[in-house]
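The values are calculated or read from the model by the stated rules, or taken from the named source; none is laboratory data. Just so you know, these numbers come straight off a predicted model, no measurement behind them. In this analysis, Cβ positions are derived from the backbone assuming ideal geometry, glycine residues included, and neighbour counts consider all displayed protein chains.
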């Protein structure tokens with residue numbers, strides 16, 4: 001006669017996990033909305049500034065796309081950096097990208113508000129942006145692809161510590177041997193007693209190991 005199999009019961013979802021997933025979803029949605037809204041505003045201002053500098057039609061859109069892509073890429077690479085040096089380097093790229101985007105938008109709004117009038121200085125500055133972006137992008141790619149510094153050989157890195165431990169152990173063994181020689185009954189000498197009298201506060205375990213080696217001499 002076959003034994004009936006137990007019917008698995010559905011487990012209720014963990015409220016904490018559900019709440020955490022909901023928060024993550026809300027954060028992702030908010031980031032998308034913020035990035036999309038701010039990006040559209042920034043793109044429009046830079047496109048109009050590009051038109052003042054002489055780019056028209058779809059060419060004018062290339063300027064804000066290049067600027068915002070560079071700023072977004074450098075920010076993402078900074079978040080992915082695993083070392084402090086890499087984070088500092090990427091933070092500099094982020095500052096350049098954000099500063100360039102902000103400067104272009106500020107100039108456009110000053111022009112739109114008739115605070116300043118378009119001049120040859122604005123045209124020259126905007127015209128230089130693509131060249132600057134090419135150099136920044138190549139520099140960013142080179143820095144991102146640069147190989148990480150080679151880790152020191154494990155044995156070479158540990159060698160000084162091994163020598164220090166050897167010297168300390170030898171000195172401790174010599175001290176333990178001297179304690180055995182000075183004692184009336186060497187069998188009564190313990191690691192606890194030597195550790196209690198040790199001015200360098202070395203551990204009981206270290207003294208016990210030193211005594212064990214000293215007794216084999």
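For the range 37-76, how many residues meet the condition of being surrounded by 13 or more Cβ atoms within 10 Å (Cβ to Cβ) and under 31 Å from the mean Cα position of the chain (by Cα)?
First, pick out the residues of the range 37-76 that are surrounded by 13 or more Cβ atoms within 10 Å (Cβ to Cβ): 39, 42-53, 55, 60-75.
Next cut, under 31 Å from the mean Cα position of the chain (by Cα) only: 39, 42-43, 63-75.
Of the residues in the range 37-76, 16 are surrounded by 13 or more Cβ atoms within 10 Å (Cβ to Cβ) and under 31 Å from the mean Cα position of the chain (by Cα).
For residue 86, which of the numbered conditions (1) more than 11 Å from the chain's Cα centre (by Cα); (2) surrounded by 14 or more Cβ atoms within 10 Å (Cβ to Cβ); (3) in a helix (DSSP H, G or I) fails to hold?
(1)
Run down 163, 170, 202 and say which single residue is surrounded by 10 or more Cβ atoms within 10 Å (Cβ to Cβ), modelled with pLDDT under 85, assigned to a loop (DSSP other than H, G, I, E, B) and within 43 Å of the chain's Cα centre (by Cα).
Result: 202 is the single residue among 163, 170, 202 that is surrounded by 10 or more Cβ atoms within 10 Å (Cβ to Cβ), modelled with pLDDT under 85, assigned to a loop (DSSP other than H, G, I, E, B) and within 43 Å of the chain's Cα centre (by Cα).
Mind listing whichever residues of the range 116-138 are without any contact (Cβ under 8 Å) to a residue 24 or more places away in the chain and farther than 17 Å from residue 90 by Cα? Give the steps one after another, and end with the answer.
Applying the first criterion (without any contact (Cβ under 8 Å) to a residue 24 or more places away in the chain) to the range 116-138 yields 116-117, 119-121, 124-125, 128, 131, 134-135, 138.
Once the filter is applied, which keeps residues that are without any contact (Cβ under 8 Å) to a residue 24 or more places away in the chain and farther than 17 Å from residue 90 by Cα, the range 116-138 yields 116, 117, 119, 120, 121, 124, 125, 128, 131.
Return the only residue of 135, 176, 141, 127 being under 30 Å from residue 50 (Cα atoms), surrounded by 14 or more Cβ atoms within 10 Å (Cβ to Cβ) and modelled with pLDDT of 80 or more.
Values: 135 fails: surrounded by 14 or more Cβ atoms within 10 Å (Cβ to Cβ); 176 fails: under 30 Å from residue 50 (Cα atoms); 141 fails: surrounded by 14 or more Cβ atoms within 10 Å (Cβ to Cβ).
Among 135, 176, 141, 127, only 127 is under 30 Å from residue 50 (Cα atoms), surrounded by 14 or more Cβ atoms within 10 Å (Cβ to Cβ) and modelled with pLDDT of 80 or more.
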